[in-house]
Amino acid sequence: MIEEIELKYGVGALLYTPANNEKISRYIQSEKFGKKYSLALCLEDTISDYKVNDAENQLIKSMEEIYKAKIESDFFCPNIFIRVRNAQQITDLYEKLNESRECLSGFIIPKYSVDNASEYNNAIISINSKSDKKVFMMPILESKDIVNLALRAQSLCKIKEAIDSVKEYVLNIRVGGNDFSNQFAVRRHINEAIYDNMAIAQILSDIITVFSSDYVVSGPVWEYFDGEGDEWKIGLENELKLDHLNGFIGKTVIHPNQIPVVNEALKVSREDYEDALEIINWDENDTQVGKNNDGQRMNEVKTHYNWACKIVTLAKIYGRLVLLSLFATVTKFAMSHIIIYSFQPNATNSFIKLHISLLM
């Protein structure tokens, strides 16, 4: 089983914003994005090469504002990560943050590869040797050697060896869906999932095969966040469904509109939750297989136990899905009776109260 699983599943919707965003501190203090998301302050692709120093200064200022505000008032402060450009930036920023590093959860490492793994690992080990709390890393797998079919298997195995050497500091494995897409000069449309591209789907399949037994691997970014109707939302929901089917938990998001969609997708269905509890609490003296409570599918302890642990953990963090169809039916029935009887002077108050209670 994956250690500290609740913490690692809790990354969830990871909202990216450029590190030079002057409003981000104010947004966090006002809880503009809600209370269930993580935040990435990006110094890499979102920042011009000529504006890196300015972005670093703004990042430090934002972190100081968040730290001081947290002392004086109570608000939800998300897990905050910094996406860096190189290993040296990790050690430099950690020192410059001073007291505000108390609000820092870790660093995101772009294009983590065999060539740079040692340098990044050493930087993470170094800052943790000075820190009173654990500072995590989240490597992004998106380098060209992973795309190259002839090198992929060897590269992924070597990368895993490097990550295993600092396993205690690795919170999530991230994947660079757009970087992979760029290698093939493709871009998915609003009605297409990244898994529809066979070349990229194979890369993602290989990554999840190598890493998911030991690490939480998060799903790639979805680019659409607005527009007429709900097409963007439907597309995101579809890709999230495929993420979960393939073993990805959580997702990189690039707009606040996407956060509640990701959180809703991480909720657990009644059937899955009940089955998971049954499997975890199965009497070891009984036959270790049987039909579930609905009598529709098989539950087998030895083959479903890891899945059951994941489901119970997700339910604890994100909750369970409401039976909306049943609620809608009851609500519609109750409302119709309230309307009918509220216009009849002889109707008893108790009858009206009875039907109102159905809505509570």
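Contact map, segment 282-310: first residue modelled with pLDDT under 85, second residue part of a loop (DSSP other than H, G, I, E, B), Cβ cut-off under 9 Å, separation 6 or more or different chains; pairs are Gln288/Trp282; Gly290/Trp282; Lys291/Arg297.
I'd like to check something: does segment 253-262 contain any residue that is part of a strand (DSSP E or B), touching a Gly at 6+ places or on another chain (Cβ under 6 Å), closer than 22 Å to Cys42 by Cβ and not acidic (Asp, Glu)? Scanning segment 253-262, I find no residue that is part of a strand (DSSP E or B), touching a Gly at 6+ places or on another chain (Cβ under 6 Å), closer than 22 Å to Cys42 by Cβ and not acidic (Asp, Glu), so the answer is no. In segment 158-169 there is at least one residue matching the filter, namely being loosely packed, with under 15 Cβ neighbours inside 10 Å and either among the polar types (S, T, N, Q) or free of Cβ contacts under 8 Å to residues at least 24 places away in the same chain (or both). Across segment 69-92, what is the number of residues that are surrounded by 14 or more Cβ atoms within 10 Å (Cβ to Cβ) and farther than 22 Å from Val11 by Cα? Number satisfying all stated conditions: 6. Mind listing whichever residues of segment 82-94 are assigned to a strand (DSSP E or B) and either among the hydrophobic types (A, V, I, L, M, F, W, C) or more than 19 Å from Asp179 (Cα to Cα) (or both)? Ile82, the sole residue that qualifies. What about Leu7, is it more than 26 Å from Ile317 (Cβ to Cβ), outside any strand (DSSP E or B) and either in contact with a helix residue (DSSP H, G or I) (Cβ under 8 Å, 6 or more places away or on another chain) or not basic (Lys, Arg) (or both)? In short, no.
Taking segment 241-281 as the range and being among the β-branched types (Val, Ile, Thr), under 17 Å from Glu6 (Cβ atoms) and buried (at least 21 other Cβ atoms within 10 Å of the Cβ) as the test, the residues that pass are Ile249, Val268.
So which residues in segment 180-212 are among the acidic types (Asp, Glu) and in contact with a strand residue (DSSP E or B) (Cβ under 8 Å, 6 or more places away or on another chain)? Explain how you work it out, then say what you get.
Initially, segment 180-212 is screened for residues among the acidic types (Asp, Glu), giving 192, 196, 206.
Across segment 180-212, there are no qualifying residues.
Between Lys144, Lys160, Lys96, the distinction of being at pLDDT below 95 and either in the same structural domain as Gly219 (by TED's automatic domain parsing) or of a type in the set (A, V, I, L, M) (or both) belongs to Lys144 only. Please count how many residues of segment 19-73 are farther than 26 Å from Glu264 by Cα and among the hydroxyl-bearing types (Ser, Thr, Tyr). The total comes to 6. Taking the criterion of being part of a helix (DSSP H, G or I), closer than 24 Å to Glu223 by Cβ and not β-branched (Val, Ile, Thr), the residues of segment 17-58 that qualify are Tyr27, Asp49, Lys51, Ala55. So if I check each of Glu271, Glu192, which one is more than 25 Å from Lys134 (Cα to Cα) and modelled with pLDDT of 95 or more? None of the other options fit; the residue is Glu192.
The residue that is surrounded by the fewest Cβ atoms within 10 Å (Cβ to Cβ), counting only those in segment 287-310 that are more than 28 Å from the chain's Cα centre (by Cα) and β-branched (Val, Ile, Thr), is Thr287.
Look at (1) free of Cβ contacts under 8 Å to residues at least 12 places away in the same chain; (2) surrounded by 16 or more Cβ atoms within 10 Å (Cβ to Cβ) and you find that Leu236 fails only one, number (1). Restricted to segment 95-149, and to residues there that are β-branched (Val, Ile, Thr) and not in a strand (DSSP E or B), the residue that is farthest from Val84 (Cα to Cα) is Val147.
The set of residues in segment 213-241 that are under 14 Å from the mean Cα position of the chain (by Cα) and not in a loop (DSSP other than H, G, I, E, B) comprises Val217, Gly219, Leu236, Glu237, Glu239, Leu240, Lys241.
Scanning segment 44-61 for residues that are of a type outside the set (D, E, K, R), touching a residue at least 12 places away in the same chain (Cβ under 8 Å) and out of contact with any Leu (no Cβ under 7 Å at 6 or more places or on another chain) yields Thr46, Ile47, Gln58.
Can you name the number of the only condition in (1) touching a Cys at 6+ places or on another chain (Cβ under 7 Å); (2) surrounded by fewer than 21 Cβ atoms within 10 Å (Cβ to Cβ) that Ile28 fails? Of (1) touching a Cys at 6+ places or on another chain (Cβ under 7 Å); (2) surrounded by fewer than 21 Cβ atoms within 10 Å (Cβ to Cβ), only one is false for Ile28: (2).
The values are calculated or read from the model by the stated rules, or taken from the named source; none is laboratory data. The structure presented is a predicted model; accordingly, all values stated were derived computationally and were not measured. In this analysis, Cβ positions are derived from the backbone assuming ideal geometry, glycine residues included, and neighbour counts consider all displayed protein chains.
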